[in-house]
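K.L.:
First the structure, which I've put down as structure tokens, then a few questions once you've had a look.
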Amino acid sequence: MLPVMRLVSPVRFFDEPMLQLARWTSERYVAPLATVLGVLSPPRVAGEETVAAGTSDGAEHRPANPEGPEEATVPATLSGYRGGTEMLEAIGRASGTFLLRPAPEDEQAVAVHAVKACLAQARRAIVVVPEATPVPATATALRAAFGDRVCLYLGGDKRQRYRDWLALRDGRYDVVVGTRPAVFSPLRDVGLVYVSRESHAAHRDDRAPYHHVRDIALQRTRLSGGACVLAALCPTGEAAALGLPVVMPADRRWPLVEVVRPGPEGRASRLVQALRTVRRGFLYAPMPGYGVAEVCRTCGQPAACASCGGLLRAESGQVRCIVCSSLGVCAVCGGSTFGIRRGGAEHVERWAARSASVPVARPSRPRLPKLTGEIVVGGTEFVRDLGPGDLDLVAVLDADAAARRPGLAARERALAIWMEAVGWARPAGRAIVQSSHPSDPAVQALVRGNPDRFLAREGEQRAAAGFPVGAPVFRVIGGDGLEAALAEHRPLTSLVTTLGNRTICLLALEAGRVPGFSRAMRDLAVEGVVERVEAEPHL
Ligand SMILES: [Zn+2]
Ligand SMILES: [Zn+2]
């Protein structure tokens, strides 16, 4: 240890348990400890610390208001769930790990009920949500139930974030609801870490240390106590493979889902008919714009961007390249009129408006259809925690598109999004899914409202591809000797490519080998053999 040169701040940024968590994270994701310590807290704003200096170092150990008057109003939603009582008792004891699969209309209520069980034992709760805007309905529901005891740690400017972080550390809040960084909140006496919409892609950090909120939540509660609840309508394969007790409604609560073949121009007559009587509906159309330019009308060649060769898309009356945004010009002849394959959200909005008896909108920001009657057309960015939908109809327009998307987890993500959207048809609506492959396991999972069989099958395919669910994956970049050095760790799978004088290895390991592997990568980095390690890259 080097001598201390300068005191940076009077604030203590982590305690012993958080340091332990940081060390585990550093090892698991093969990231420098300093990088991990950097993500434990937001950037400092020194001006805020003069306010904080007056408070002692976390003197307040017990929750501020152990018995809020609000709690009486929390409905006992989980009591009607299979395994719900056991989960509530475990939260009361601040131990245990659960997979919670709520009914769509209960998503917010179960989070509130779980937090109530934690607060009732005078402990604190962390709720991690994947998105900050619009304010997730789960956050709004927690605020409504527990008032000022809840800190919304969602976005905000640098100063506000640091101020909130200091307040959390000083014990001024009993509940924090926030995005990824909230999983590291400096709360004491944590009785519950609750991960909302566990299968959302934003729970994984795309920057070093590339951690996943699920894994940090599991490890934090393992190290420092607290129950851990992973909640999702459709959990990830990773969460399902943990073999946790599953808590779900005792009765089946899923809308009637009808699968129809997409008709001409991607609209089944069944769907067009249904639109006539819909008062509130959501049409899930993940492709933006009006359609894709297929051929040049002037020369008849396949359409491609003249500047970069990218795909040309018609959007808002203009054809533009989706890669470089240049105006659409034919790469062969310079022509600017194209044959368009229609199917984007703009196109859907147009034909839906001709059939519907209520207004059809494609809002710029995600929201549910208006209560006065409306059909909303939107893509992935619309499927958020907007609260119970109570819609008459939800349609998934092109379920077959998910199978065309690359990536090992692409289908699993697609199913998770479909399930969240279709869930908006609860409690009294129905859903129509357009697919040419009605027996596809993902489509069948959507019909049943149960992803178990789909996840089991995906698991088999992942194992066959050499990347079994739950096996840590690393992308290692380095120079000569890298391949041989990595082979010593007996990876389950090792894919090697070279790029110039760089070697790039993608490997899957048994979980038990990670500590040894992690140490070895640090040594190899010192020797110059390893340049960079990325944990859990998107495959
Ligand atoms: Zn281009
Ligand atoms: Zn042309």
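K.L.:
How many residues are closer than 20 Å to MET287 by Cβ and either of a type outside the set (Val, Ile, Thr) or near ligand 2 (Cβ under 8 Å from one of its atoms) (or both) when one looks only at the range 328-341? Talk me through it step by step, then tell me what you get.
P.N.:
Within the range 328-341, the subset closer than 20 Å to MET287 by Cβ is 328, 338-341.
Within this subset, residues satisfying the condition of being either of a type outside the set (Val, Ile, Thr) or near ligand 2 (Cβ under 8 Å from one of its atoms) (or both) are 328, 338-339, 341.
Summing the residues that are closer than 20 Å to MET287 by Cβ and either of a type outside the set (Val, Ile, Thr) or near ligand 2 (Cβ under 8 Å from one of its atoms) (or both) in the range 328-341 gives 4.
K.L.:
Please determine, by comparing only the residues of the range 275-324 that are over 29 Å from the mean Cα position of the chain (by Cα) and closer than 14 Å to ALA345 by Cβ, which one is farthest from ligand 2 (Cβ to nearest atom).
P.N.:
Only one residue tops the list, namely SER316.
K.L.:
As an exercise: evaluate GLY243 against (1) outside any helix (DSSP H, G or I); (2) at positive phi; (3) touching a strand residue (DSSP E or B) at 6+ places or on another chain (Cβ under 7 Å) and give the number of the one condition it does not meet.
P.N.:
(3)
K.L.:
For the range 424-435, give me each residue that is farther than 11 Å from LEU393 by Cβ and touching a strand residue (DSSP E or B) at 6+ places or on another chain (Cβ under 8 Å).
P.N.:
VAL433, GLN434, SER435
K.L.:
Hey, can you tell me all the residues within the range 482-501 that are small (Gly, Ala, Ser) and at pLDDT 90 or above? Before the answer, list the steps.
P.N.:
As a first pass, look at the range 482-501 and keep what is small (Gly, Ala, Ser): 484-485, 487, 494, 500.
Hits for the range 482-501 are ALA484, ALA485, ALA487, SER494.
K.L.:
Test LEU506 against the stated conditions and say whether it is outside the structural domain of ALA202 (by TED's automatic domain parsing) and out of contact with any helix residue (DSSP H, G or I) (no Cβ under 8 Å at 6 or more places or on another chain).
P.N.:
In short, yes.
K.L.:
Out of GLU420, GLU412, which single residue is farther than 24 Å from ALA268 by Cα and either buried (at least 20 other Cβ atoms within 10 Å of the Cβ) or free of Cβ contacts under 8 Å to residues at least 12 places away in the same chain (or both)? If you could, list the steps in order and put the result at the bottom.
P.N.:
Numbers: GLU420 fails: farther than 24 Å from ALA268 by Cα.
The match here is GLU412.
K.L.:
Quick one: in the range 262-310, which of the residues that are without any contact (Cβ under 8 Å) to a residue 60 or more places away in the chain and aliphatic (A, V, I, L, M) is farthest from PRO359 (Cα to Cα)?
P.N.:
In this case the residue turns out to be ALA306.
K.L.:
Please return the ranges of strands (runs of 3 or more DSSP E) entirely within the range 121-237 where 3 or more residues are free of Cβ contacts under 8 Å to residues at least 40 places away in the same chain and closer than 30 Å to SER9 by Cα. Give the steps one after another, and end with the answer.
P.N.:
Details: elements: 124-128, 150-153, 175-178, 190-195, 227-231.
Output list reads 150-153.
K.L.:
Working carefully through the options GLY92, GLY155, find the one that is out of contact with any strand residue (DSSP E or B) (no Cβ under 7 Å at 6 or more places or on another chain), on the phi > 0 side of the Ramachandran plot and in the same structural domain as ARG180 (by TED's automatic domain parsing).
P.N.:
None of the other options fit; the residue is GLY155.
The values are calculated or read from the model by the stated rules, or taken from the named source; none is laboratory data. As the structure is a prediction and not an experimental result, all values here were calculated from the model. Counting neighbours? That spans all protein chains shown, and the Cβs are built from the backbone with ideal geometry, glycine included.
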